[in-house]
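The values are calculated or read from the model by the stated rules, or taken from the named source; none is laboratory data. Everything numeric in this text was worked out from a predicted model, so none of it was measured. A quick note on method: Cβ atoms are made from the backbone with ideal geometry, for glycine too, and the neighbour counts reach across all protein chains shown. What goes into the accessible areas is simple: the full protein's heavy atoms, side chains included, and nothing from ligands, DNA or RNA. Shrake-Rupley method; radii C 1.70, N 1.55, O 1.52, S 1.80 Å.
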Amino acid sequence: TLASDYGEVTAFWKRGAALRPDPWTRAVPPHPMTAANATTKSACRSIVLVGLMGVGKSTVGQRLARRLGLPFFDGDAEIERAAGCSIPDIFEFHGEAAFRDGERRVMTRLLDGPPAVIATGGGAYINPEIRQCIRDKAAIAVWLRADVETLVRRVRRAENRPLLRGHDPREVLQRLKTERDPVYAEADITVESDENSAEAVVDRIVAALPPANPCPAS
């Protein structure tokens, strides 16, 4: 039943770090596209897409990964896979602090893995520990930026945005933009994610990437 399912999820969270293996930090699974066969710019460095909800990180990230011959990971999807429940349920039953802790641990696990394109949740890059981990791993942070009106159009019908539940999306996005843009501005690359196609945004990112570093010997 639904109640028993939620009970199991609650038990999972209460066990927390006692679980072995820890699902938050388990190894990134093998992927058929890796740095070994990636041939384009920055192939041996992970690329982390940051920015507000609705800016297109997942859509652009999938296309960018294909272009670069790298695996793609959606940070929010990895959090849900590790937790065994949806992000809205994590917020509702365990609170934002529990979500942010899981987000930090999942991002650390992904960054410890082989080079990849990683789409983050809107708040991930705001966490100083995640920003530092990105720097420590020599990953490239790319800020996808869009105006509030564009973001409102993209998220208006979304039902999986806990921060928007019961609120005016425009007001929430404007507040988040004011709070978060100065932090996003610390990213290595800034690219406008406006009304152009996702492929056009990928073109902009690829043009802005630095030359590839030599791949480490395997």
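Can you compute the FRET efficiency between R170 and A97 using 1/(1 + (r/R0)^6), with r the Cβ-Cβ distance and R0 = 30 Å? Round to the nearest 0.05.
Computed FRET efficiency for R170 and A97: 0.70.
Accessible surface of E192 in the full protein assembly, 1.4 angstrom probe, to the nearest 10 Å²?
70 Å²
Order D112, D74, D101 by their accessible area, 1.4 angstrom probe, all chains in place, largest first.
Descending order: D112, D101, D74.
How large is the accessible surface of T190 in square angstrom, using a 1.4 angstrom probe and rounding to the nearest 10?
So the heavy atoms of T190 present about 60 Å² to solvent.
Lys/Arg Cβ at +1, Asp/Glu Cβ at -1, dipole of the range 52-190 taken about the Cα centre: which of L176, L68, A116 is farthest positive-ward?
Of the options given, the answer is L68.
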